[in-house]
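Before any comments, here is the structure.
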């Protein structure tokens, strides 16, 4: 299932598919999915009752490509339908996204808790989330390129131009192992070019899913080519938000992945 961002695409798609076809849904319970943790006992604990240790059998409905394609109803009424794929487009679940967010993670209450704990002295309406995805990408550039500093510079310029304001605090997120590199190679340069902005690193002790929800508490968003920060921006259900996303998501070895449905129409491609 991949990391948290990938898991959320699959979970939201499954629930939306079940709702559309008036069917129950269930997930396989596990502590880990390969090397990645599952979240049934933490972030997604409200879904724990919809999981099973038993092997699920049924007809497999496979994603045909990276682009969106409507999932057909299983014509064999007595058979389970097993969804298999990444399903990385809001088009699979956008009609029910807010309700699913409440069902899966108690989003409003989770945001309230994190705003009180992590945004002391900050006005969330004057913050921009900024995500850096390095880590394993550093050795996988042909598949997942690391975004250059010009992407973040151009994104900030786009936000400043559209909001007509320099009164922003940039709350930036990165892995602990990447923090020094991000500070030296990105933040110091951005601080020189945008002297009116304040750059603050998000609490590195916050759990991964807490950091995702902290992103969603900000007013505007600059995401990386990462499903993690895609969700950080997406879970901010506001028509006033501005989201900057990279125009090039994958490297040359994954260009066959058609990303036309990955980025919502209202987001800016930088």
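The values are calculated or read from the model by the stated rules, or taken from the named source; none is laboratory data. All figures in this text were calculated on a predicted structure; none of them were measured in a lab. Neighbour counts are summed over all protein chains in view; Cβ atoms, including those assigned to glycine, are modelled from backbone coordinates with ideal geometry.
For the reader, a short list of remarks on this structure follows.
Residue-wise test of (1) surrounded by 13 or more Cβ atoms within 10 Å (Cβ to Cβ); (2) touching a helix residue (DSSP H, G or I) at 6+ places or on another chain (Cβ under 8 Å); (3) not in a loop (DSSP other than H, G, I, E, B).
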{"position": "11", "(1), (2), (3)": "yes, yes, yes"}
{"position": "14", "(1), (2), (3)": "yes, no, yes"}
{"position": "17", "(1), (2), (3)": "yes, yes, yes"}
{"position": "22", "(1), (2), (3)": "no, no, no"}
{"position": "30", "(1), (2), (3)": "yes, no, no"}
{"position": "41", "(1), (2), (3)": "no, yes, no"}
{"position": "46", "(1), (2), (3)": "yes, yes, yes"}
{"position": "49", "(1), (2), (3)": "no, no, yes"}
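- Looking only at region 75-107, and only at residues there that are part of a loop (DSSP other than H, G, I, E, B) and touching a residue at least 24 places away in the same chain (Cβ under 8 Å), the one that is farthest from residue 209 (Cα to Cα): 80
- The sole residue among 175, 184, 193 that is under 22 Å from residue 150 (Cα atoms), in the same structural domain as residue 110 (by TED's automatic domain parsing), surrounded by fewer than 18 Cβ atoms within 10 Å (Cβ to Cβ) and at pLDDT below 95 is 175.
- Residue tally, condition modelled with pLDDT under 95 and crowded, with 21+ Cβ neighbours inside 10 Å, over region 87-132: 0
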